[in-house]
1. Which one is surrounded by the most Cβ atoms within 10 Å (Cβ to Cβ), of the residues in region 44-55 that are out of contact with any strand residue (DSSP E or B) (no Cβ under 9 Å at 6 or more places or on another chain) and in a helix (DSSP H, G or I)?
2. Is it true that V101 is surrounded by 12 or more Cβ atoms within 10 Å (Cβ to Cβ), assigned to a strand (DSSP E or B) and among the hydrophobic types (A, V, I, L, M, F, W, C)?
3. Taking only pairs six or more apart or across chains, which ones have beta-carbon atoms under 7 Å, a first residue in region 1-24 that is surrounded by fewer than 16 Cβ atoms within 10 Å (Cβ to Cβ), and a second residue that is at pLDDT 95 or above and in a strand (DSSP E or B)?
4. Quick check on my filter: what residues within region 46-60 are within 18 Å of R76 (Cβ to Cβ) and either among the charged types (D, E, K, R) or without any contact (Cβ under 8 Å) to a residue 12 or more places away in the chain (or both)?
5. Looking at region 56-98, which of the residues that are part of a helix (DSSP H, G or I) and of a type in the set (G, A, S) is surrounded by the most Cβ atoms within 10 Å (Cβ to Cβ)?
6. Which condition does H30 not pass, out of (1) within 18 Å of M1 (Cα to Cα); (2) surrounded by fewer than 17 Cβ atoms within 10 Å (Cβ to Cβ); (3) out of contact with any Leu (no Cβ under 7 Å at 6 or more places or on another chain); (4) in contact (Cβ under 8 Å) with a residue 40 or more places away in the chain, if it passes all the others?
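The values are calculated or read from the model by the stated rules, or taken from the named source; none is laboratory data. Just so it is clear, the model here is predicted, and its values are computed rather than measured. Don't worry about glycine lacking a Cβ; one is built from the backbone with ideal geometry, like all the others, and counts go over all protein chains shown.
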Amino acid sequence: MALRHDHVVDVVRPCDIAYAESDRRHVIVHARAGDLRVYGKLSQLEVELPAWFARCHQSYLINLDYVARPGSESVRLVTGVELPVSRRWRPAFKEALFSRVRRGLL
């Protein structure tokens, strides 16, 4: 996927993205190669990413392959980062995560 920022375009494979977060009118993509701050909306990025990404919060979109420890109010990633899981997004996030586990993809 191509991410445009600071008048350059970086190509990032979705599997290299751990999570993305919204910050006002920008999205910060946290990837293996580093963090990229791009102009746009998290919902726009969500449409472009594969089905193994799921929202856990209005401000966070997680690559389910990076989940190390899911909890009721937060989720820990293999990178050590802990992100909140909001009540609004909890049912859909848990369903996406456990659906992937049931299919043997995690």
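1. The extreme case among them is E48.
2. Criteria not met by V101.
3. Close Cβ pairs satisfying both conditions: D16/A31.
4. Result: R55, single match.
5. So the residue we want is A96.
6. Checking H30 against (1) within 18 Å of M1 (Cα to Cα); (2) surrounded by fewer than 17 Cβ atoms within 10 Å (Cβ to Cβ); (3) out of contact with any Leu (no Cβ under 7 Å at 6 or more places or on another chain); (4) in contact (Cβ under 8 Å) with a residue 40 or more places away in the chain, the one that fails is (2).
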